[in-house]
Every structure is written in C-alpha cells, then in structure tokens.
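Only one structure is covered here, and it is reproduced in the block below.
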C-alpha cells in the first residue's frame with residue numbers, strides 16, 4: 001500500500017506493509033490549493049508501552065522495474081494513458097534493445113524498425129492501394145471537371161473506374177488505422193520514460209528528453225513528411241491538395257518544441273515508410289505522377 005505524488009519522470013510515495021488499514025482524506029486549503037492525506041490507525045498505546053510503525057519513503061525517478069519491485073502496482077505511476085496494455089510490452093522491448101545496443105537513441109531507431117517489419121505486409125497493402133489511387137487520379141480529376149454539375153453521375157463514373165481498376169478508396173486508410181494504437185503507445189513510452197532524461201544519441205543530441213538544440217531533427221522530419229505527401233495520391237479537390245501540403249508544415253512547427261527522442265521516432269518511421277512506399281510506387285509505375 002502506498003500514498004504517492006507524481007511529477008514528470010519522478011515520484012514520491014509512502015510505502016506501508018500490505019494489509020495495513022488506512023484512510024484517505026482530501027481537503028481544500030485555499031483557492032487552487034488542496035491537501036491529500038493517508039491516515040493510518042496506530043491503535044491504543046498503554047502508559048509505559050511503545051508501538052512501532054514501519055513505513056518507507058521513496059522519492060526518485062520512475063524507473064519501471066524498480067517501482068514494481070518495491071510495491072505491487074507502484075509501477076503504474078508511470079502513466080501511459082489509454083494505451084498501457086500496448087505501451088508496457090513496447091517499453092520492455094525497448095529496454096531489451098538498450099541492453100544490447102547501449103544507447104537509447106539507437107534503441108528507439110531499432111524498435112521502430114522492428115515495428116515496421118512486423119507491419120510490413122499491412123503497410124504494403126495500404127501503399128499498393130494508394131498507388132492505384134494515384135494512377136487513376138488524372139482520370140478522376142477529368143471526371144470531376146466533366147461532371148461538376150452532375151454529382152450523381154460523377155459518383156457513378158468514379159465507382160465504375162474503381163471497379164475496373166480494382167481500387168478500394170479506403171484500402172490505404174484501414175491498414176494504417178490498425179497500426180496507429182501501437183505508434184501512439186510508443187509515443188507515450190518515449191514521453192514518460194525517465195531513461196530518456198540526459199540520454200545522449202549522437203553528436204549534437206545530448207539529451208533525448210529535451211528539444212533538438214539545432215532543430216536538425218524537426219527540419220528533417222518536416223521534409224520527410226513533405227516527401228510522403230508527394231508520394232501519396234493527389235486529392236482531386238484543389239483546396240484539399242493545398243491542405244495536404246500545409247499540414248506537414250504546421251505539424252513541423254510543433255515538432256520544433258518536442259523532445260528529440262520523440263522527433264527521432266517520427267523521423268525514423270517516416271524514412272522507413274517513404275522507402276517502402278517509393279519502392280511500391282515504382283513497381284506500379286506511378287512514381288512522380
């Protein structure tokens with residue numbers, strides 16, 4: 001049993017023996033100030049007698065293995081949000097990679113590579129569908145122009161083209177949606193792990209929990225996102241096409257302030273995705289169209 005206080009990367013907790021009766025109390029001290037207490041009954045103490053109560057105060061980093069050893073459930077102070085069921089095994093795998101590689105930055109890269117290998121065929125299915133959509137894009141654009149005053153006929157003709165070319169408009173989205181929980185879980189792992197604090201990677205990256213001091217990783221991540229837009233099918237609507245190019249720039253600004261470890265993770269994922277999508281687009285003959 002324990003009472004805890006949590007900050008980013010660190011926590012403090014009073015640990016008492018299991019089965020000890022206790023009572024939790026909360027009170028408002030003043031505006032925006034509250035107190036929380038755990039009260040343990042000591043029982044009656046007769047004159048001349050003594051009673052000993054054992055408790056341990058832990059104050060330190062949220063190192064998952066150490067917290068789990070100290071008290072059951074104490075490791076849950078490391079908050080992964082809704083994706084704990086995926087985040088915990090991902091952290092375990094990241095930790096195993098670190099034992100082999102000895103560098104948290106390269107461990108992040110290796111973990112993303114393993115995830116991309118695991119989802120290779122699912123991604124291949126999505127990229128083939130997107131490549132086919134890219135191939136029929138000019139025909140769809142022509143239809144939209146020809147039947148812009150006849151939306152029902154335009155939809156019928158578009159469905160005919162999709163059937164003839166065996167294109168599923170949702171085929172590029174569904175496989176990617178299946179993978180999103182895993183990559184969001186890894187995002188929370190990297191954001192919550194104290195192991196990233198003061199952990200160097202290479203050259204100018206001396207702390208994976210701090211932003212890139214030279215903004216090199218965010219710039220590369222933004223460029224990689226723009227390349228992905230170029231590889232993807234062009235939306236037939238001009239406004240949508242402009243938004244597709246603007247989104248990487250908007251997200252890129254956000255990544256300028258993200259921890260370097262998170263940006264490294266997204267950059268690695270983008271580079272591997274680009275390589276696979278480029279190869280498939282080349283196979284389908286739609287590269288650069």
The chain: angle of helix 104-118 to the longest principal axis, Cα-based, in degrees nearest 10 | 50
Tilt, helix 174-192 to longest principal axis of the chain (alpha-carbon atoms), in degrees rounded to tens, equals 30
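Using the 10 angstrom Cβ neighbour count as an exposure proxy, how do 83, 255, 215 rank, fewest first?
Working: 83 18, 255 23, 215 15.
So the ranking, lowest neighbour count to highest, is 215, 83, 255.
Just rank 9, 80, fewest to most, by other beta-carbon atoms within 10 angstrom. Don't skip to the answer; put the middle values down first.
Working: 9 17, 80 21.
By the 10 Å Cβ count, ascending, the order reads 9, 80.
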Which entry in (1) 1.40; (2) 1.19; (3) 0.96 is this structure's computed Cα Rg over 2.2 N^0.38 Å?
-> (1)
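Quote the FRET efficiency, to the nearest 0.05, computed for residue 27 versus residue 230 with a Förster distance R0 of 45 Å and r equal to the Cβ-Cβ distance.
Numbers: r = 59 Å, r/R0 = 1.30.
Using R0 = 45 Å, I get an efficiency of 0.15.
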Over region 118-164, how many percent of alpha carbon pairs lie in each 10 Å bin up to the one with the longest distance?
-> 26, 41, 22, 10, 1
Multiply the residue separation of residue 239 and residue 257 by 0.36 nm, subtract the distance between their alpha-carbon atoms, and state the gained length in nm to one decimal.
-> 3.6 nm
Quick one: plug the Kirkwood hydrodynamic radius of region 1-71 (C-alpha pairs) into Stokes-Einstein at 20 °C, 1.002 mPa s, and report D in µm²/s.
-> 148
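Read-outs: derived from the displayed coordinates by stated rules, not from any lab. Just so it is clear, the model here is predicted, and its values are computed rather than measured. Note: ideal-geometry Cβ built from the backbone for every residue, glycine included; neighbour counts use all protein chains shown.
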